[in-house]
Every structure is written in C-alpha cells, then in structure tokens.
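What follows is a single structure, written as structure tokens, with notes after it.
Read the figures in this text as sums done on the coordinates, not as results from a lab. None of the values given here were measured: they were computed from a predicted structure.
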Amino acid sequence: MSDTAEIKANPMETHSALPPEETERLTREIIAGLKTVFDPEIPADIYELGLIYKVEIKDDRSVDVLMTLTTPNCPAAGELPTMVENAVASVPGVGVVDVKVVWEPAWSPERMSDEARLVLNMW
C-alpha cells in the first residue's frame with residue numbers, strides 16, 4: 001500500500017489484473033457496503049464522513065482498507081473496523097479483507113462529502 005499522506009478524495013485503488021468490468025463492479029459494491037456502516041453517534045455513513053482513506057482491491061480479490069475514526073477516543077473504535085470488514089466481505093467475489101485504522105493524516109470535517117454536511121446540517 002502507498003503512503004497514507006497521499007490520500008485522495010476517491011479512496012478506491014483500481015490497479016488490478018482483474019477484468020475492468022469486474023473491478024468496476026467490486027468498486028461499486030464495496031462503496032455501497034461501506035455506506036451501510038454508520039458511526040453510532042453520527043447520523044452519516046463512514047464513507048461520506050471521509051473516514052475511509054483507501055481501499056485497494058488486489059489481484060487475488062483480497063481487499064485492504066485504510067480508515068480512520070473521528071477521534072482516537074471514539075467510543076465505537078472497537079466495533080467500527082469489524083463492521084467495515086464485514087460490510088466489504090459481504091460483497092460477492094471479495095476474498096480476505098484487511099482493515100487498518102490509522103491516525104495520520106488526522107480526520108477533519110473538511111473530509112466530509114456534501115451529502116454528509118447536509119445530513120449533519122454543517123453548511
């Protein structure tokens with residue numbers, strides 16, 4: 001995986017030997033799965049909150065997820081990575097899922113999508 005300082009607005013990595021249509025399907029379904037995971041204290045999903053820094057689909061269909069939390073003291077810190085792992089693993093065709101929580105770069109509200117800002121009334 002590449003350096004976490006190179007985090008982009010679109011966290012999906014698509015450098016794969018899988019056929020492009022399969023990579024596109026997996027990408028769509030993984031994002032849809034991630035959008036079902038909510039921080040219990042925030043009414044917006046973790047993808048729109050910008051907590052997902054990177055998702056890499058590998059040639060063997062394993063998936064690496066690099067994510068963060070809103071704060072190191074997040075009460076859901078113990079459960080959110082498992083929820084992410086389960087959501088990604090539920091996508092047909094996905095192999096082993098590895099979720100890592102990182103703290104650099106630190107999360108900030110600027111990472112949220114417009115959709116999350118609307119839900120949280122942060123305009």
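Data for the structure
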item	result
Cα-based equivalent ellipsoid, segment 61-103: semi-axes from gyration tensor eigenvalues, Å	22, 10, 6
Extension gain (nm, one decimal) between Glu41 and Val96, 0.36 nm per residue minus Cα-Cα	17.0 nm
Relative contact order computed over the chain (Cα-Cα under 8 Å; 6+ residues apart), in percent	29 percent
Share, in percent, of DSSP beta bridges within the chain that are antiparallel, nearest 5	45 percent
Calculated diffusion of segment 9-108, Stokes-Einstein form, Kirkwood radius summed over Cα pairs, 10 °C and 1.306 mPa s, µm²/s	117 µm²/s
Amide H contacts of Ser62 (H built 1.01 Å from N, under 5 Å, at least 5 apart or other chain)	Gly95, Val96
